[in-house]
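Just so it is clear, none of the values below were taken in a lab; they were calculated from the coordinates. All figures in this text were calculated on a predicted structure; none of them were measured in a lab. Neighbour counts run over all protein chains shown; Cβ positions are idealised from the backbone, glycine included.
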Amino acid sequence: MAKKKEPDTKPAEAQEELVEEAEAETAEETVDENEAKLVELEDKLAAEKDKYMRLAAEYDNYRKRTANEKLSLYDDATAKAVTELLPVADSVRMALDNLKDADPEIIKGIELISNQLDKSFEKLKIEQYGKTGDEFDPNLHNAVSMVDSDELKSNQIAQVFQTGYKIGDKIIRHAMVQVVN
């Protein structure tokens, strides 16, 4: 009897190998493409993150700047209003200094007015400065004369003619003083 001829499996195996090789190459190309896309997307993400961080920093700087400007405007407005009240405060203090022999009720009334002014200045964060014995600072004090003194050291304030006022670091009025040589 005739032998059945078995089909030749070599070409089928070769074909399968070719298909597997093609699939492997396609898989490698897909992996390479995916890696390239991943790198591209990571670069885009880094660029967007950088833009976001810059925008956040810019906004934070804007917020701080506007807050400082608001405080500065408030201080400027307060300083301008207080400048108009300073002659009244000076007059009240001079009245207290010169009413030594007056009726005690009058002195008490003027002291109450002086205390109210001081409390109002305190609420507005207005500070007085320039007292006898303080160190002279040309940025804060206006020296109108110099004097020799055995009691005070050189460059100290001997007498205050006009009290100085400031709000924060802003000078409203320089103190007018006499300085020891």
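Among the residues of the stretch 80-101, the ones that are loosely packed, with under 12 Cβ neighbours inside 10 Å and over 23 Å from Ser120 (Cα atoms) come to 3 in all. Among the numbered criteria (1) over 24 Å from the mean Cα position of the chain (by Cα); (2) of a type outside the set (Lys, Arg); (3) under 29 Å from Asp169 (Cβ atoms), which single criterion is violated by Glu111? Against the list (1) over 24 Å from the mean Cα position of the chain (by Cα); (2) of a type outside the set (Lys, Arg); (3) under 29 Å from Asp169 (Cβ atoms), Glu111 comes up short only on (3). Among the residues of the stretch 125-159, those identified as of a type outside the set (D, E, K, R) and at positive phi are Gly130, Gly133, Asn155. Scanning the stretch 127-143 for residues that are closer than 16 Å to Asp90 by Cβ and without any contact (Cβ under 8 Å) to a residue 40 or more places away in the chain yields Gln128, Lys131, Asn142. Inside the stretch 136-160, residues that are within 24 Å of Val82 (Cβ to Cβ) and in contact with a Gly (Cβ under 9 Å, 6 or more places away or on another chain) make up a count of 5.
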